[in-house]
Amino acid sequence: MTGTWLSFLAVSLEAGGIAALMSGLPPATSLASYLTAHALACALLTLVLLPLLPPRYRGNKLRTSLFLFTLQFAIPFLGSLGVFTGVLLALYLPRTTREIPWQEVDIPELPFQPVDMSQQIIYSEGGLRQVLREAGSIDKRLKALLATRQMAERDAVELLREALKDPADDVRLLAYSMLEQKEKALASQARRLQLALEDANSDNPSRLKRRLAQVWWEMAYLGLAQGSLRSYYLESARRLLQDLTSTLAMHNDWRLLGRCELALGNVVAAREAFEKALEQGAPHELILPYQAEVAYIERDYRRVRFCLANLTRYRPQQNVRAVIEGWL
């Protein structure tokens with residue numbers, strides 16, 4: 001009953017404000033009279049509308065009241081009528097059918113027998129290594145080798161080399177075949193790059209040299225080459241990178257040259273290459289781990305902590321984070 005009287009009073013105030021606006025009073029007086037009456041009408045209708053709102057909209061009464069008042073006051077007469085009608089329609093004429101955002105399905109039947117978890121392979125480096133070492137089934141060891149395709153190349157090569165010692169011929173042959181496939185792919189790519197470099201009409205020889213050096217480095221880094229062959233690949237990559245850094249100043253070339261020198265045991269040359277990479281604009285988070293490694297080889301443990309402490313300002317990778325936690 002109170003809401004009805006407040007509604008009638010609000011409509012009367014709104015009508016009186018419009019009448020004052022159209023009267024012969026001075027413009028300033030008529031406008032002030034209308035705005036005052038319109039504001040009072042909006043406030044009364046806000047009091048009427050607030051209890052009609054659903055409970056979830058009445059949590060913060062001050063914000064809800066301010067929103068309703070502002071919306072009505074901004075659009076004279078039509079604003080109050082629109083808000084009032086919209087709230088009533090939403091309350092008394094709700095949507096009869098609602099879209100269900102999910103699909104109901106029947107509860108599935110339980111399996112006839114439980115799954116044997118011992119037959120499931122854990123696709124992680126530690127899990128695959130454990131399968132290759134301890135699994136008695138040859139089929140499980142073969143599946144573990146095939147699962148290395150989903151791993152990082154270096155970790156996969158390490159596991160495949162370990163599988164070469166397996167007592168089963170099938171496991172050894174599969175591991176050898178997968179290793180040979182990886183090596184042939186890189187060797188074929190290196191051969192194509194060498195032929196392109198030998199061509200006098202080749203475009204951008206610097207790019208070809210850079211890519212060839214990366215292929216040589218990858219052969220050694222992944223562990224596809226061992227012993228003297230690994231040294232040959234590293235020396236070949238180093239010669240190409242030295243040629244590139246003598247003519248072009250790119251920090252990625254200096255960084256890769258430093259890694260090659262470090263792999264060859266040339267610690268001083270590696271340190272100088274990493275410093276050159278920083279001078280040429282290499283991000284510190286890429287170079288600091290290698291500088292820490294150089295300092296560790298030189299037994300400069302204070303500098304190791306210094307490099308790792310500076311590295312914490314960036315977002316180091318997970319494996320580097322473990323090293324930082326061990327040192328700091």
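The values are calculated or read from the model by the stated rules, or taken from the named source; none is laboratory data. Just so you know, these numbers come straight off a predicted model, no measurement behind them. So basically every Cβ, Gly included, is an ideal-geometry build from the backbone, and we count neighbours across all protein chains shown. When the accessible area is computed, the model is the full protein with side chains, heavy atoms only, and any ligands, DNA or RNA have been set aside. Shrake-Rupley method; radii C 1.70, N 1.55, O 1.52, S 1.80 Å.
Scanning the stretch 50-67 for residues that are modelled with pLDDT of 75 or more and surrounded by 14 or more Cβ atoms within 10 Å (Cβ to Cβ) returns L50, T64, S65, F67. Here G258 fulfils each of the conditions (1) open to solvent by 20 Å² or more (accessible area, probe 1.4 Å); (2) over 30 Å from A175 (Cα atoms); (3) in contact (Cβ under 8 Å) with a residue 12 or more places away in the chain apart from (1).
Kindly list the number of the only condition in (1) out of contact with any Lys or Arg (no Cβ under 7 Å at 6 or more places or on another chain); (2) open to solvent by 30 Å² or more (accessible area, probe 1.4 Å) that fails for M219. For M219, the failing item is (2). For the stretch 71-95, the set of residues classified as at pLDDT 70 or above and within 42 Å of the chain's Cα centre (by Cα) consists of L71 only. Applying the set (1) at pLDDT below 90; (2) open to solvent by less than 60 Å² (accessible area, probe 1.4 Å); (3) more than 30 Å from L164 (Cβ to Cβ) to F274 leaves exactly one unmet item: (1). Residues in the stretch 203-216 that are open to solvent by less than 30 Å² (accessible area, probe 1.4 Å) and either at pLDDT below 90 or over 28 Å from R161 (Cβ atoms) (or both): L208 alone.
Being hydrophobic (A, V, I, L, M, F, W, C), over 28 Å from the mean Cα position of the chain (by Cα) and within 30 Å of T148 (Cβ to Cβ) is the requirement here; does A220 meet it? Judged against the criteria, A220 is a match. Residue pairs whose Cβ atoms lie under 8 Å apart, separated by 6 or more positions or on different chains, with the first residue in the stretch 134-157 and in contact (Cβ under 8 Å) with a residue 12 or more places away in the chain and the second part of a helix (DSSP H, G or I) and of a type in the set (F, W, Y), are R154/Y221. Just for the stretch 152-170: of the residues that are within 11 Å of L142 (Cβ to Cβ) and out of contact with any Leu (no Cβ under 6 Å at 6 or more places or on another chain), which one is surrounded by the most Cβ atoms within 10 Å (Cβ to Cβ)? The extreme case among them is D166. Within the stretch 125-141, none of the residues are under 30 Å from D166 (Cβ atoms) and modelled with pLDDT under 60. Do we find a residue being within 31 Å of the chain's Cα centre (by Cα) and either farther than 30 Å from M178 by Cα or open to solvent by less than 40 Å² (accessible area, probe 1.4 Å) (or both) anywhere in the stretch 224-247? There is at least one residue in the stretch 224-247 that is within 31 Å of the chain's Cα centre (by Cα) and either farther than 30 Å from M178 by Cα or open to solvent by less than 40 Å² (accessible area, probe 1.4 Å) (or both).
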